[in-house]
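One structure below.
Just so it is clear, none of the values below were taken in a lab; they were calculated from the coordinates. Only a predicted model underlies this, so the values are computations on that prediction, with no experimental measurement involved. Here the Cβ positions follow ideal geometry from the backbone for every residue, glycine too, while neighbour counts run over all protein chains shown.
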Amino acid sequence: MNVPTGLKYADTHEWLKREDDGTVTIGITDHAQNALGDLVYVELPAVGRKLAKGEACAVVESVKAASDVYAPIAGEVVAVNDKLSGSPEAVNEDAYAAWLFRLRPDDADALAGFMDAAAYSRFAAEP
């Protein structure tokens, strides 16, 4: 299981990366994409949409099942990875390069309390 350091992780299997401009890039973890299997469709939130923490805002669909992606923090969607609409398998190839969306967080300390790589590795390994 690939769990890069330098990112934060949610217990709903999203990763978060604070960008230099203060926005936060969000995607699903390698563990999540592996559990889903081969992705065939990705639905992303609209740019400009305001998201509440914990709100279902995207969908990733595989040959096995469809799964909601939740906003781990509150904020406004400022960008989406449009490349995924034509190439959802990019998430399977590299879940950390194939980000889903970017938020401008409502709270500057929004990433406090999320797991680091070591904590997420332990969490994801639990049965």
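The calculated 222 nm mean residue ellipticity attributable to helices in the chain amounts to -4500 deg cm²/dmol, summing -39500 (n - 2.57) over DSSP H runs of n ≥ 4 and dividing by all residues. With 0.36 nm allotted per residue and the present C-alpha distance subtracted, the Glu76-Val59 stretch has 4.4 nm of extension available.
Within the same chain, lysines fewer than 8 places from Lys64 are excluded, and of the rest, those with a Cα less than 26 Å from its Cα are Lys83.
The fewest-to-most ranking of His13, His31 by surrounding Cβ atoms within 10 Å reads His31, His13.
For the stretch 113-127, 3J(HN,Hα) computed residue by residue from phi via the Karplus equation (6.51, -1.76, 1.60; θ = phi - 60°) reads x, 7, 6, 8, 4, 5, 5, 5, 4, 5, 4, 5, 7, 5, x Hz, glycine and proline entered as x.
With neighbour counts taken as other beta-carbon atoms within 10 Å, the residues Val80, Val60 rank, fewest first, as Val80, Val60. Under a 10 Å cutoff between Cα atoms, tell me which one of Val40, Val24, Val91 has the largest fluctuation in the Gaussian network model of the chain. Checking each option, the largest mean-square fluctuation is seen for Val40. Using DSSP to define loop residues, name the GluC sites (Glu not before Pro) in the stretch 1-68 whose beta-carbon has at most 16 other beta-carbon atoms within 10 Å. In loop regions of the stretch 1-68 (DSSP not H, G, I, E or B), the sparsely surrounded GluC sites (Glu not before Pro) are Glu19, Glu55. Note on the chain: Rg/Rh from Cα positions, Kirkwood definition for Rh, rounded to two decimals, is 0.93. Just to confirm the filter: which chymotrypsin sites (Phe, Trp or Tyr not before Pro) across the stretch 50-127 are DSSP coil and have at most 11 other Cβ within 10 angstrom of their Cβ? Hits after loop and neighbour filter: nothing returned. The fewest-to-most ranking of Asp30, Asp21, Asp68 by surrounding Cβ atoms within 10 Å reads Asp21, Asp68, Asp30.
Site pair Asp116 and Asn92 shows an inter-label distance of 3.4 nm when each label is modelled 7 Å from Cα along Cα→Cβ. The relative contact order of the chain comes to 31 percent, based on Cα pairs under 8 Å that sit 6 or more residues apart. Extension gain, Val47 to Ala125, is 24.7 nm, computed as 0.36 nm per intervening residue step minus the present C-alpha separation.
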